[in-house]
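Heads up, the thing below is written out as structure tokens.
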Amino acid sequence: MNCTFRKRLGASALALTLAMSLVLPAAAASSTLSAERQAADSAAVEAAQKYGLADSISYALWDEGKLSYTAVLGGDKTPTNSVPTFASTSRDLYGIGSISKIYTTVAVMKLVEAGKINLDSPVTAYLKNFKMADSRYTKITVRMLLNHSSGLAGTSLGNAFLFDDDDQQATTDLLQRLSTQKLKADPGAFSAYCNDGFTLAELIVEAVSGKDFMDYVRAEILSPLGLKMTFAPQDSFSKSLLAPTYASAGDSRELPTETLGIVGAGGLYATASDLAAFGGALTGTSLLSAKSATAMAAPEYDRGIWPDEPLGLVSFGLGWDAVEFAPFAQNGIQCLVKGGDTLRYHAALLVLPEYNMAAAVVSAGGVSVYNELAAAQLLISALKEKGVEVDETAPTLPTATVSAMPQSLVKESGYYGTTSQQVQITVSSDGKLLLRQMTLAGVPDQTLTYYSDGSFRDESNAVAVKLVKESNGYTYLYQQNYTPLPGLGILPTSDYLMVKMPENSVSSETQAAWDALLTMNAVPLAEKYTSQLYLALSDSSQTAAMQQGAQYVPGYVGGYRIASPTELVYDLPIGRDANNMTVEGKLLWMGSEPYLMDSGLKNLFTGTGAAYSTIQSDGYARWYTVGEKDAGKTMTVTLPENAGFYVYDAKGSVVASSFLWDDGSVKLPEGGLVAFMGDAGARFHLSFAN
């Protein structure tokens, strides 16, 4: 899962980085462990330390009905040592993010087995109140929710990512949010990752079973399998079991418990052992019938527009991110993969049905992709101990030679993009393709040469791209390359990255209006004071800073088509999380979520040495800028109930928070922002001293 916060319009998704240092556990250095097992341990360290930059990592291997190995690396930070080192700890519970979708998929499949759900029946057959401002919604089936081809915009994030708050309103409000939305594509046209689809699936489970979602999951999945360390935020369990998370690398202050209000899409917690055991149960018939497990592992991605080429990290099944995964696929072994990323936790689950094996890697901080590669190394090492060799030779591009290019490809020059990234491609008659990055400022242009297999390749023959005209009439940019990551194997990239953007002519006045808006920032108004997005401001500000100097496609803002001086529409047949945007005065609406633009910010008043700020009846957060004359003053805040405040410096980093760290006063930073949020009517009393 992923989300953005204060951002430049059209900026890419949130960049999250945490720093750490880990050492191998004592057991890993023991001569009693095989070389294969020590290599597996090393892979987990590589994923956490060298690549993912996590604070801690835990992993487990399930093999033919039992857990054969589990470990936890990392530990608590202290004020004098902000770098975690390995220590024995019982804090081995982690958020598993979108791996929760597999539990939701299994819940649906249990109801399919009971004859209560038909995967190819419309969602409206089970959710009578499901409506959208788009007549095509009636064609969305349950299967399309599970294989990401529903055509829904993506993710309704309003108050979904919280701290220490088990509010599930983000789930219960979804039907109301969707009632005003339009689809970005025909149902079933193509698969694009979609969190809202799984929240709808969660609601279907409740409607059909007549039970609360977690009650059903416990009764039908967790209890039968004896999984006692898998929870939802609203469950009763000791929060002290959760692995600690921190705001940044050098900060030893532990953050409050991460809680997600969209449990079926990404809100579960589990230990690596419980997660691996759950995955292991999907290799037999103790949880689902063989027919259901096979249906989940089928190549659902083939149902819509999809590259007729080798695949990389994504090849959707039902719930699964991938049903084909390197290097197992090249060895004739099916590997089922699901990754999960929240703002604080990252997880991977890999299952080998043929060998009755599963591996789970979970971390605080880090990146799920690296966890997936580490889990693959666990499985490869375990297979080797069984005498099964997995050839990890890096794949190479197909054999081809420099060749004359069909002149028709010159017409495919133009702008290519998706929700978050755009490039300009120029194909010349001499068989050269010039690729210019637009959203990634500072990245040098690439010149690629045409080859006999229809690809354009770089000088090292390591990267290949193709311009593929699909059945829907659009031309897609397909990229294929294989990046070696020492200690973790190969990171494959083989998929449709972008699509050619249709020309969109707008008046000079309309373009000028959006060009002006592109220089502004936007801050959320309707998020609760417990929302994680207030802390995420720091990360998205860094992303925006990285994109200084980015260029934009004429007639577009990022991948969004300019429909009018006040409306942006996303209708490219590719990409995820693309709610349309509208401007109303000083407000920017991202889907149904209001954001305040720079032009709506007022200076914080400190003139008399005392002031107050009151949350109005709309419940919106109050945002203020810190003027030059007020910088350096110490602000002390008397908090009302159910409220909080944040203070940011000019770079967007959080320097104080009443909710996160119990701050009651702060020296105001020049050029910074101050935000107050809480229930309607909440009044903050402020005092200022030089």
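The values are calculated or read from the model by the stated rules, or taken from the named source; none is laboratory data. All values reported here derive from a predicted model rather than from experimental measurement. Ideal geometry is used to build each Cβ from the backbone, glycine not excepted, and the neighbour counts take in all protein chains shown. For the accessible areas, the whole protein counts, side chains as well, though only heavy atoms, and no ligand, DNA or RNA atoms are used. Shrake-Rupley method; radii C 1.70, N 1.55, O 1.52, S 1.80 Å.
Just the residues that are open to solvent by less than 40 Å² (accessible area, probe 1.4 Å) and over 21 Å from the mean Cα position of the chain (by Cα), please, taken from segment 514-525. Walk me through how you get there before you give the answer.
Of the residues in segment 514-525, the ones open to solvent by less than 40 Å² (accessible area, probe 1.4 Å) are 514, 517-518, 521-525.
Once the filter is applied, which keeps residues that are open to solvent by less than 40 Å² (accessible area, probe 1.4 Å) and over 21 Å from the mean Cα position of the chain (by Cα), segment 514-525 yields Trp514, Leu517, Leu518, Asn521, Leu525.
What are the residues in segment 554-591 that are touching a helix residue (DSSP H, G or I) at 6+ places or on another chain (Cβ under 6 Å) and more than 23 Å from Tyr476 (Cβ to Cβ), if any?
Step one: list which residues in segment 554-591 are touching a helix residue (DSSP H, G or I) at 6+ places or on another chain (Cβ under 6 Å), which gives 557, 562, 565, 586.
Correct list: Pro565, Lys586.
For residues that are among the small types (Gly, Ala, Ser) and in contact with a Leu (Cβ under 7 Å, 6 or more places away or on another chain), scanning just segment 249-268, find the one that is nearest to Gly365 (Cα to Cα). It would help to see each step written out before you state the result.
Here is the first cut: in segment 249-268, the ones among the small types (Gly, Ala, Ser) are 249-250, 252, 261, 264-267.
When the remaining residues are screened for being in contact with a Leu (Cβ under 7 Å, 6 or more places away or on another chain), the result is 249, 261, 266-267.
Working: Ala249: 10, Gly261: 20, Gly266: 16, Gly267: 16 Å.
So the residue we want is Ala249.
Every residue in segment 546-563 that is open to solvent by 30 Å² or more (accessible area, probe 1.4 Å) and either assigned to a strand (DSSP E or B) or within 24 Å of Ser179 (Cα to Cα) (or both), please. Spell out the reasoning first.
Here is the first cut: in segment 546-563, the residues open to solvent by 30 Å² or more (accessible area, probe 1.4 Å) are 546, 548-549, 551-552, 554, 561, 563.
Arg561, Ala563 - these are the residues of segment 546-563 that are open to solvent by 30 Å² or more (accessible area, probe 1.4 Å) and either assigned to a strand (DSSP E or B) or within 24 Å of Ser179 (Cα to Cα) (or both).
What's the number of the only condition in (1) open to solvent by 20 Å² or more (accessible area, probe 1.4 Å); (2) part of a loop (DSSP other than H, G, I, E, B); (3) at pLDDT below 95 that Thr439 fails to meet?
In the conditions (1) open to solvent by 20 Å² or more (accessible area, probe 1.4 Å); (2) part of a loop (DSSP other than H, G, I, E, B); (3) at pLDDT below 95, Thr439 misses (1) alone.
Out of curiosity, is Ala360 among the aliphatic types (A, V, I, L, M), within 21 Å of Gly97 (Cβ to Cβ), touching a residue at least 24 places away in the same chain (Cβ under 8 Å) and open to solvent by less than 10 Å² (accessible area, probe 1.4 Å)? Break it down into steps so the answer makes sense when it comes.
Details: among the aliphatic types (A, V, I, L, M): yes; within 21 Å of Gly97 (Cβ to Cβ): yes; touching a residue at least 24 places away in the same chain (Cβ under 8 Å): yes; open to solvent by less than 10 Å² (accessible area, probe 1.4 Å): yes.
So Ala360 fits the description; yes.
On the given criteria, is Ala270 surrounded by 19 or more Cβ atoms within 10 Å (Cβ to Cβ), modelled with pLDDT of 95 or more and part of a helix (DSSP H, G or I)?
On the way: surrounded by 19 or more Cβ atoms within 10 Å (Cβ to Cβ): yes; modelled with pLDDT of 95 or more: yes; part of a helix (DSSP H, G or I): no.
Against the criterion (surrounded by 19 or more Cβ atoms within 10 Å (Cβ to Cβ), modelled with pLDDT of 95 or more and part of a helix (DSSP H, G or I)), Ala270 does not qualify.
Just to be sure I understand, how many residues within segment 379-410 are open to solvent by 30 Å² or more (accessible area, probe 1.4 Å) and among the small types (Gly, Ala, Ser)? Step through it out loud before you land on a result.
Let us first name the residues in segment 379-410 that are open to solvent by 30 Å² or more (accessible area, probe 1.4 Å), namely 384-389, 391-396, 398-399, 401-404, 406-408, 410.
Restricting the remaining residues to those that are among the small types (Gly, Ala, Ser) gives 387, 394, 403-404, 408.
So the count comes out to 5.
Of the conditions (1) of a type in the set (A, V, I, L, M); (2) closer than 19 Å to Gly317 by Cα; (3) within 15 Å of the chain's Cα centre (by Cα), Leu343 fails just one. Which one is it?
Among (1) of a type in the set (A, V, I, L, M); (2) closer than 19 Å to Gly317 by Cα; (3) within 15 Å of the chain's Cα centre (by Cα), Leu343 violates only (2).
Just to verify a result, which residue in segment 473-500, among those that are open to solvent by 40 Å² or more (accessible area, probe 1.4 Å) and not in a strand (DSSP E or B), is nearest to Tyr556 (Cα to Cα)?
Among those that are open to solvent by 40 Å² or more (accessible area, probe 1.4 Å) and not in a strand (DSSP E or B), it is Tyr474.
Does segment 586-599 contain at least one residue that is surrounded by fewer than 22 Cβ atoms within 10 Å (Cβ to Cβ), over 23 Å from the mean Cα position of the chain (by Cα), assigned to a loop (DSSP other than H, G, I, E, B) and touching a residue at least 12 places away in the same chain (Cβ under 8 Å)?
yes
Which of the residues that make up segment 295-315 are open to solvent by less than 10 Å² (accessible area, probe 1.4 Å) and in a loop (DSSP other than H, G, I, E, B)?
Across segment 295-315, the qualifying residue is only Gly312.
Just one of the numbered conditions (1) of a type in the set (Val, Ile, Thr); (2) open to solvent by 40 Å² or more (accessible area, probe 1.4 Å); (3) at pLDDT 95 or above; (4) in a strand (DSSP E or B) is not true of Val465; which one?
With respect to (1) of a type in the set (Val, Ile, Thr); (2) open to solvent by 40 Å² or more (accessible area, probe 1.4 Å); (3) at pLDDT 95 or above; (4) in a strand (DSSP E or B), Val465 is out only on (2).
Can you go through Ser455, Ser413 and tell me which one is out of contact with any Ser or Thr (no Cβ under 9 Å at 6 or more places or on another chain), polar (S, T, N, Q), farther than 30 Å from Ser34 by Cβ and open to solvent by less than 40 Å² (accessible area, probe 1.4 Å)? Write out each step before concluding.
Details: Ser413 fails: out of contact with any Ser or Thr (no Cβ under 9 Å at 6 or more places or on another chain).
Every option except Ser455 fails the conditions.
Considering only residues that are in a loop (DSSP other than H, G, I, E, B), crowded, with 16+ Cβ neighbours inside 10 Å and without any contact (Cβ under 8 Å) to a residue 60 or more places away in the chain, which ones fall in segment 635-690? So that I can check it myself, show each step before the final result.
We begin by selecting, within segment 635-690, every residue in a loop (DSSP other than H, G, I, E, B); these are 639-642, 649-653, 662-664, 668-672, 679-682, 690.
Next, only the ones that are crowded, with 16+ Cβ neighbours inside 10 Å stay: 639-640, 649, 652-653, 663, 668-669, 672, 682.
Passing the criteria: Leu639, Pro640, Asp649, Asp663, Pro669, Gly672.
Identify all residues within segment 600-614 that are over 31 Å from the mean Cα position of the chain (by Cα) and either buried (at least 19 other Cβ atoms within 10 Å of the Cβ) or touching a residue at least 24 places away in the same chain (Cβ under 8 Å) (or both); write none if there are none.
Passing the criteria: Asn603, Leu604, Thr606, Gly609, Ala610, Ala611, Tyr612, Ser613, Thr614.
Does Lys384 satisfy the condition of being over 29 Å from the mean Cα position of the chain (by Cα) and within 22 Å of Glu459 (Cα to Cα)? Let's see the steps before the verdict.
Working: over 29 Å from the mean Cα position of the chain (by Cα): yes; within 22 Å of Glu459 (Cα to Cα): no.
No.
Name the residue, out of Thr155, Thr180, that is surrounded by 20 or more Cβ atoms within 10 Å (Cβ to Cβ), among the β-branched types (Val, Ile, Thr) and at pLDDT below 95.
Just a single option satisfies the conditions, and that option is Thr155.
Counting just the residues of segment 416-428 that are among the small types (Gly, Ala, Ser) and in contact (Cβ under 8 Å) with a residue 24 or more places away in the chain, which one comes out least open to solvent (accessible area, probe 1.4 Å)? Step through it out loud before you land on a result.
Narrowing segment 416-428 to residues among the small types (Gly, Ala, Ser): 417, 420, 428.
Now drop any that are not in contact (Cβ under 8 Å) with a residue 24 or more places away in the chain, which leaves 417, 420.
On the way: Gly417: 0, Ser420: 38 Å².
For segment 416-428, the residue satisfying everything is Gly417.
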